[in-house]
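Report on one structure; see the data block that follows.
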Amino acid sequence: MQSDDAQRKGNSFFIRTEAHFTLNFLVYIHNIFLNQRSSEADRFPYWSYDVKFVEEGTFQIAFNEKWNYLIGQLAEQPKNDQLIFYENSEFFYKGLFQETKENEAQFIEIKQSFLIWWKSFAGCFVIERTIDNHLHEKVYQSLTAAVIQSGKELKGELQISLVYDKVHFAVESEHSYFAVLPISDFYLSKNDLLDRLQNCIN
């Protein structure tokens, strides 16, 4: 989705929002992991079967490495998203799950469960449309005003990768004109959102 305001004024700066398979699948795995370690289990998805993950410290390190690897890939080659998701299941399995036959079967079910949800109207479709044209335009206008006031130049396309929930285990490396944001930030953390987007523009 691009800002209509940019197109109307002939501006060379655009914002594109998209929800990627790979990052949202990592969030899906991340939430199953957190739910198994919490009495509340209040994150989506709720997974009733016991999954054997690696130890928490190992999980955090591996998750952070995978998260930032994907960000690097998507920032440079967004089309790699589905290629990685469909053809590199080991990337999501190894390092996060204990490698046993039972766990491998669990992982296959988790991936299939994610895919069914993601391809339904309740999955990717809803996430991308949560940021409607009006909200998208407000973010565009607020960001351009703040960046111009700071003396920076706006050009090209800012890519925003939407994820359906916040993550706890990722310390993101910075990439120019690329940001990963949970959809809740557009409604609950607008000031922080603008700060993060400004930091991407360099």
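The values are calculated or read from the model by the stated rules, or taken from the named source; none is laboratory data. As the structure is a prediction and not an experimental result, all values here were calculated from the model. So basically every Cβ, Gly included, is an ideal-geometry build from the backbone, and we count neighbours across all protein chains shown.
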(message) What's the total number of residues in segment 49-67 that are among the β-branched types (Val, Ile, Thr) and assigned to a helix (DSSP H, G or I)?
(response) 2
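Looking for whichever is within 30 Å of residue 45 (Cα to Cα), exposed (fewer than 13 other Cβ atoms within 10 Å of the Cβ) and over 14 Å from the mean Cα position of the chain (by Cα) here; the options are 145, 122. Which one fits?
From the options 145, 122, the qualifying one is 122.
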(message) Criterion first (out of contact with any strand residue (DSSP E or B) (no Cβ under 9 Å at 6 or more places or on another chain) and within 27 Å of residue 198 (Cβ to Cβ)) does residue 66 satisfy it?
(response) yes
(message) Looking at segment 121-132 only, could you name the residues that are in contact with a helix residue (DSSP H, G or I) (Cβ under 7 Å, 6 or more places away or on another chain) and touching a residue at least 24 places away in the same chain (Cβ under 8 Å)?
(response) 124, 131
(message) Cβ-Cβ under 7 Å, sequence separation 6+ or interchain: first residue in segment 55-74 and within 14 Å of residue 168 (Cα to Cα), partner surrounded by fewer than 16 Cβ atoms within 10 Å (Cβ to Cβ). Which pairs?
(response) 64/171; 68/172; 68/173
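Residues are listed down the side, and each one gets a yes or a no for (1) farther than 22 Å from residue 180 by Cα; (2) not acidic (Asp, Glu):
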position: 36; (1), (2): yes, yes
position: 40; (1), (2): yes, no
position: 47; (1), (2): yes, yes
position: 55; (1), (2): yes, no
position: 64; (1), (2): no, yes
position: 71; (1), (2): no, yes
position: 77; (1), (2): no, yes
position: 97; (1), (2): yes, yes
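Take residue 15 and tell me if it is of a type in the set (Val, Ile, Thr), out of contact with any Lys or Arg (no Cβ under 6 Å at 6 or more places or on another chain) and modelled with pLDDT of 95 or more.
no
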(request) Name the single residue, out of those in segment 16-39 being hydroxyl-bearing (Ser, Thr, Tyr) and surrounded by fewer than 19 Cβ atoms within 10 Å (Cβ to Cβ), that is nearest to residue 86 (Cα to Cα). (result) 38
(message) Anything in segment 164-202 that is of a type in the set (S, T, N, Q) and either at pLDDT 95 or above or within 14 Å of residue 13 (Cβ to Cβ) (or both)? List them, or say none.
(response) 176, 198, 202
(message) Can you go through 154, 143 and tell me which one is in contact with a Leu (Cβ under 6 Å, 6 or more places away or on another chain) and at pLDDT below 95?
(response) 143
(request) Scan the helices (runs of 4 or more DSSP H) fully inside segment 90-202 and keep the ones with 1 or more residues being of a type in the set (Gly, Ala, Ser) and more than 20 Å from residue 78 (Cβ to Cβ). (result) 101-119, 133-149
(request) Restrict the check to segment 89-96 and report whether at least one residue is of a type in the set (S, T, N, Q) and in contact (Cβ under 8 Å) with a residue 24 or more places away in the chain. (result) no
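Residue-by-condition table, conditions (1) modelled with pLDDT of 95 or more; (2) loosely packed, with under 12 Cβ neighbours inside 10 Å; (3) in contact with a helix residue (DSSP H, G or I) (Cβ under 6 Å, 6 or more places away or on another chain); (4) closer than 17 Å to residue 196 by Cβ:
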{"residue": "107", "(1), (2), (3), (4)": "yes, no, yes, no"}
{"residue": "114", "(1), (2), (3), (4)": "yes, no, yes, no"}
{"residue": "117", "(1), (2), (3), (4)": "yes, no, yes, no"}
{"residue": "136", "(1), (2), (3), (4)": "no, no, no, yes"}
{"residue": "150", "(1), (2), (3), (4)": "no, yes, no, yes"}
{"residue": "162", "(1), (2), (3), (4)": "yes, no, yes, yes"}
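Could you tell me which of the residues 83, 26, 70 is touching a Ser or Thr at 6+ places or on another chain (Cβ under 7 Å) and part of a helix (DSSP H, G or I)?
Values: 83 fails: touching a Ser or Thr at 6+ places or on another chain (Cβ under 7 Å); 26 fails: touching a Ser or Thr at 6+ places or on another chain (Cβ under 7 Å).
Unique residue meeting the criteria: 70.
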